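In what follows, a single structure is set out as structure tokens and then discussed.
The values are calculated or read from the model by the stated rules, or taken from the named source; none is laboratory data. If you're wondering where the values come from, they're calculated on a predicted model, not measured in any experiment. Cβ placement follows ideal geometry from the backbone for every residue including glycine, while neighbour counts extend to all protein chains displayed. Quick note on the areas: whole protein, heavy atoms, side chains included, nothing else; ligands and nucleic acids left out. Shrake-Rupley method; radii C 1.70, N 1.55, O 1.52, S 1.80 Å.
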Amino acid sequence: MKKHFHTIAKVTLVLTYLVIIAGAVVRMTGSGMGCPDWPKCFGYYIPPTEHEQLEWHANKTYKKGQVIIVNETLQVAKSDFTTADTFIKSHWETYTKHDYAVFNPTHTWVEYINRLFGALAGFATLLMAFASVKFWKENKTITLLSFAIVFGMGFQAWLGKTVVDSHLAPFKITVHMVMALVIVAAILYVIYKTSPNKKAFKQHNVFKNVLVVASILTLIQIVLGTQVRQFIDEQSKLLGDENTDLWLNNPTLSFYVHRSFSIVVLLVNGYLYYLLKKYKLNHKKLNWVMGILIIEVLSGIAMANFNFPFGSQSLHLVLASILFGIQYYLILEAFNAKNKLQTS
């Protein structure tokens with residue numbers, strides 16, 4: 001199992017990013033409340049496909065926890081029972097964590113697939129944790145961190161529940177996103193530490209420090225971006241999905257800060273690229289950083305000036321999370337460089 005650990009960790013990372021991508025699709029399609037309860041979906045392990053399945057029917061057997069929609073409210077079966085000829089309220093309790101009682105098959109299945117990816121990623125972290133036990137004698141940090149990632153995934157699942165229960169509260173969405181990036185960083189650390197073929201890099205203190213600053217700036221941008229995205233979501237509900245040209249008529253301060261801050265992010269990373277070329281530091285992953293940043297800027301311009309082309313918001317978010325991951329891995333490489341660069 002030990003010889004396969006590095007591969008398991010990489011698969012876990014890919015699955016974690018798939019969860020982030022699926023989450024972005026959920027936001028893009030407005031499917032966040034596609035499953036109004038958690039961990040089941042309308043009380044089912046496999047969600048319904050037709051509205052009829054969520055209607056009350058006479059002489060039908062319902063299982064405890066199953067959900068129906070009655071008079072625009074969610075009603076949850078208190079126990080296993082078979083209905084009579086008329087609806088008897090005492091057999092049901094009203095779902096009170098929120099008042100959202102809408103069934104859209106597309107939204108439901110988009111959210112359900114997002115949860116499936118989350119479950120797969122959770123199982124992968126569990127497998128990684130058990131495999132990490134083999135490292136206990138030589139590097140306890142790998143084992144401890146691998147098990148911490150499992151608990152992190154559990155906490156992330158709980159956060160997902162609170163997001164649904166709060167009917168997509170902006171602050172909780174932001175915390176949910178940041179926690180996903182924390183998990184990504186932890187998995188990347190494990191991948192780096194167990195990599196069989198680490199490349200040698202020269203030390204450059206300025207490059208290292210600026211790289212840390214760049215990563216922090218990216219994280220701040222992601223947090224600001226989630227706030228802007230929440231504003232856009234509210235505008236789309238208020239003005240309609242067909243009126244994308246009106247969504248930014250009265251933007252919040254966070255929009256202007258996010259837009260202006262992108263210039264700072266680009267300049268800092270541009271300086272890193274300058275240091276890379278000047279001192280021949282060989283951190284080739286920085287090329288990916290610059291490429292992603294250019295796409296990020298272009299997608300941001302497209303959203304602001306061309307009325308949010310389809311998929312641009314999801315692309316913007318996913319690329320930001322990938323950008324953070326690459327920057328963090330660059331930090332690991334730069335801070336573990338052995339040979340000090342002579343710059344005099």
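Some notes on this structure:
- Filter result for F255 (in contact (Cβ under 8 Å) with a residue 12 or more places away in the chain and assigned to a loop (DSSP other than H, G, I, E, B)): no
- Scanning the range 280-296 for residues that are farther than 11 Å from L266 by Cα, under 26 Å from the mean Cα position of the chain (by Cα) and open to solvent by less than 10 Å² (accessible area, probe 1.4 Å) yields a single hit, L286.
- Number of positions in the range 153-196 that are assigned to a loop (DSSP other than H, G, I, E, B), modelled with pLDDT of 80 or more and not small (G, A, S): 2
- Top-ranked residue in the range 10-34 [being farther than 19 Å from V190 by Cα and more than 12 Å from the chain's Cα centre (by Cα); ranked as surrounded by the most Cβ atoms within 10 Å (Cβ to Cβ)]: G34
- Options K97, K3, K89; residue that is at pLDDT below 90, of a type outside the set (A, V, I, L, M, F, W, C) and exposed (fewer than 11 other Cβ atoms within 10 Å of the Cβ): K3
- N282 falls short on exactly one of the conditions (1) within 18 Å of A334 (Cβ to Cβ); (2) not in a loop (DSSP other than H, G, I, E, B), and that condition is (2).
- Flag for Y45 being on the phi < 0 side of the Ramachandran plot, open to solvent by 50 Å² or more (accessible area, probe 1.4 Å), under 27 Å from the mean Cα position of the chain (by Cα) and free of Cβ contacts under 8 Å to residues at least 40 places away in the same chain: yes
- Residues in the range 305-327 that are part of a helix (DSSP H, G or I), among the small types (G, A, S) and closer than 21 Å to V26 by Cα: S312, S314, A320, S321.
- Meets criteria (without any contact (Cβ under 8 Å) to a residue 12 or more places away in the chain and open to solvent by 90 Å² or more (accessible area, probe 1.4 Å)) for N71: yes
Yes or no, residue by residue, for (1) farther than 30 Å from V190 by Cα; (2) part of a loop (DSSP other than H, G, I, E, B):
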residue	(1), (2)
S79	yes, yes
F87	yes, yes
F103	yes, yes
W109	yes, no
N114	no, no
L120	no, no
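- Output for the range 221-247, where each listed residue is open to solvent by 40 Å² or more (accessible area, probe 1.4 Å), farther than 14 Å from F171 by Cα and aliphatic (A, V, I, L, M): L238, L239, L246
- Scope the range 109-130; condition closer than 13 Å to L18 by Cβ and among the acidic types (D, E); matching residues: none
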